[in-house]
Amino acid sequence: MSYQLGKFEFGSRLIVGTGKYASFAQTQAALEASGAQMITVALRRVKLDGAPEENLLNYIDRNKYTLLPNTAGCYTAKDAILTCELAREALGTSLVKLEVLGDERTLFPDNEALLEATKVLIKEGFTVLPYCIDDPIICKKLEDLGCAAVMPLAAPIGSGLGIRNPTNLKIIIEQAKVPVIVDAGVGCASDAAICMELGATAVLMNTAIAGAKDPVKMARAMRVAVEAGRLSFEAGRIPKKLYATASSPLEGVVNT
């Protein structure tokens, strides 16, 4: 079943990045294996001109993938806003993943700068998907500002630590009236499945796929895990119990 992000609609619940691959050919193969419909592009880290073989966009089918330019590497609201404006001009899209980082070591977002940039971009007509800390309060504030989704981290970017605080993610998902996309920290397929079983709308990842020994095979694994996790969530798990419950009911059993 599809979901909406502003005016955009997607069937795949796996969103993948395009950085850190060994080659553009490998990027192409991993994107295909992932089944993703939306892919992120770090505008500050890609060449949009120069030789064709150096331009990532020459290897991406724009009719197949929706580009999600992001503001990776921005540490101020001003830089993030400018990067989004450049992305809209260069790529012809108002859909942006907003990152305003506050710390070089952890790459945790700067909450105040993130809110500041969000206010400006919403007024300028952008469809904003903000990367944020796994804090229900900041997620609610971002939603109230008009963000099309919130994107709380599972763990620090590129760490592969998996879901560090499932309780906070569950609270965010339960209170949100917009899609919740878990972003950053996923390391393996089971991490992606857990995110979806918590009720997340989608999962975004880059390093978990691009940094794997076999990125194409990992992309396939993530695709299946996201689909399985979503099905599991929709099916509704059984309640957890302290004691056993017999799989075969004892009612009607005749003792001999």
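The values are calculated or read from the model by the stated rules, or taken from the named source; none is laboratory data. This one's a predicted model, so the numbers in the text were calculated from it and none came from an experiment. Reconstructed Cβ throughout: ideal geometry from the backbone, glycine too, with neighbour counts over all protein chains shown. Keep in mind that these areas ignore ligands, DNA and RNA; they rest on the heavy atoms of the full protein, side chains included. Shrake-Rupley method; radii C 1.70, N 1.55, O 1.52, S 1.80 Å.
A 1.4 Å probe run over the protein chains yields, for the chain, 51 Å² of accessible area per residue, whole-number rounding.
Only protein heavy atoms count here; under a 1.4 Å probe, S2 has an accessible surface of about 50 Å². Heavy-atom surface analysis with a 1.4 Å probe gives the chain a carbon and sulfur content of 53 percent of its accessible area. Between D214 and L57, the FRET efficiency from the beta-carbon distance, with R0 = 35 Å, is close to 0.90. Per the Debye calculation on the range 191-247 with a single equal scatterer at every Cα and no solvent contribution, log₁₀ I(q)/I(0) for q = 0.21, 0.28 Å⁻¹ amounts to -0.78, -1.07. With a Förster radius of 45 Å applied to the C-beta separation of K64 and L242, the computed FRET efficiency comes to 0.35. Were the residues from Q4 through L86 laid out at 0.36 nm apart, the gain over their Cα-Cα distance would be 27.1 nm. The range 122-256 gives an Rg/Rh value of 1.14, both radii derived from C-alpha positions and Rh following Kirkwood.
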